[in-house]
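Trainee: Questions regarding the structure given below will be posed in turn.
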Amino acid sequence: MAESENIALITGANKGIGFEIARQLASKGFRVFVGARNEKAGRAAGQKIGATATFLKIDVSKTALNGVTSQLAAALPKFAVNSVCPGWVRTDMGGATAPRSVEQGADGIVWLAADAPQNLTGKFLQDRKVIPW
């Protein structure tokens with residue numbers, strides 16, 4: 001692994017917005033960990049994304065994710081570790097009436113991983129802005 005390699009862990013990356021985020025980051029050269037509860041679906045998503053994607057079986061509730069984000073950010077000061085709310089997105093969970101497309105929901109998350117200042121860490125964001133936990 002190269003010292004300057006960009007790495008992202010995406011939870012729920014086997015479908016919907018998680019898959020779109022993982023796909024976009026992989027296309028930008030990131031090594032992507034495809035986090036998913038369902039091993040079969042997670043492995044299939046990783047294969048579809050390509051050689052820079054690796055499946056990781058993970059089941060993290062949103063409350064636990066907030067705590068893990070804060071702890072990892074404190075423990076890994078040289079890394080940017082954040083949680084992001086994509087908003088209400090047209091996915092299996094969001095439904096057909098959600099106002100945002102998968103691409104719109106992914107936009108701020110891909111920006112955070114690829115282009116945001118690396119000293120922005122330990123935060124919860126939506127639409128490229130820090131919001132309260």
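Trainee: Can you find a residue in the stretch 23-42 that is within 18 Å of Gln118 (Cβ to Cβ), at pLDDT below 95 and outside any helix (DSSP H, G or I)?
Mentor: Within the stretch 23-42, not a single residue is within 18 Å of Gln118 (Cβ to Cβ), at pLDDT below 95 and outside any helix (DSSP H, G or I).
Trainee: From the list Arg37, Arg23, pick out the single residue that is surrounded by 14 or more Cβ atoms within 10 Å (Cβ to Cβ) and among the basic types (Lys, Arg). Please lay out each step first, then the result.
Mentor: Working: Arg37 fails: surrounded by 14 or more Cβ atoms within 10 Å (Cβ to Cβ).
Testing whether each residue is surrounded by 14 or more Cβ atoms within 10 Å (Cβ to Cβ) and among the basic types (Lys, Arg) leaves just Arg23.
Trainee: Name, by its number, the condition in (1) part of a helix (DSSP H, G or I); (2) closer than 20 Å to Arg128 by Cα; (3) of a type in the set (Val, Ile, Thr) that does not hold for Ile10.
Mentor: Every listed condition holds for Ile10 apart from (1).
Trainee: Kindly indicate whether any position in the stretch 58-78 is within 20 Å of Phe124 (Cα to Cα), in a helix (DSSP H, G or I), among the β-branched types (Val, Ile, Thr) and open to solvent by 40 Å² or more (accessible area, probe 1.4 Å).
Mentor: yes
Trainee: To continue, here is another question. Check the stretch 113-132 and report whether any residue there is touching a Ser or Thr at 6+ places or on another chain (Cβ under 9 Å) and touching a residue at least 60 places away in the same chain (Cβ under 8 Å).
Mentor: no
The values are calculated or read from the model by the stated rules, or taken from the named source; none is laboratory data. Fair warning: this is a prediction, and the values are worked out from it, not measured in the lab. As a convention, Cβ positions derive from the backbone with ideal geometry for all residues, glycine included, and neighbour counts pool all protein chains shown. Areas reflect the complete protein model, heavy atoms only, side chains present, ligands, DNA and RNA absent. Shrake-Rupley method; radii C 1.70, N 1.55, O 1.52, S 1.80 Å.
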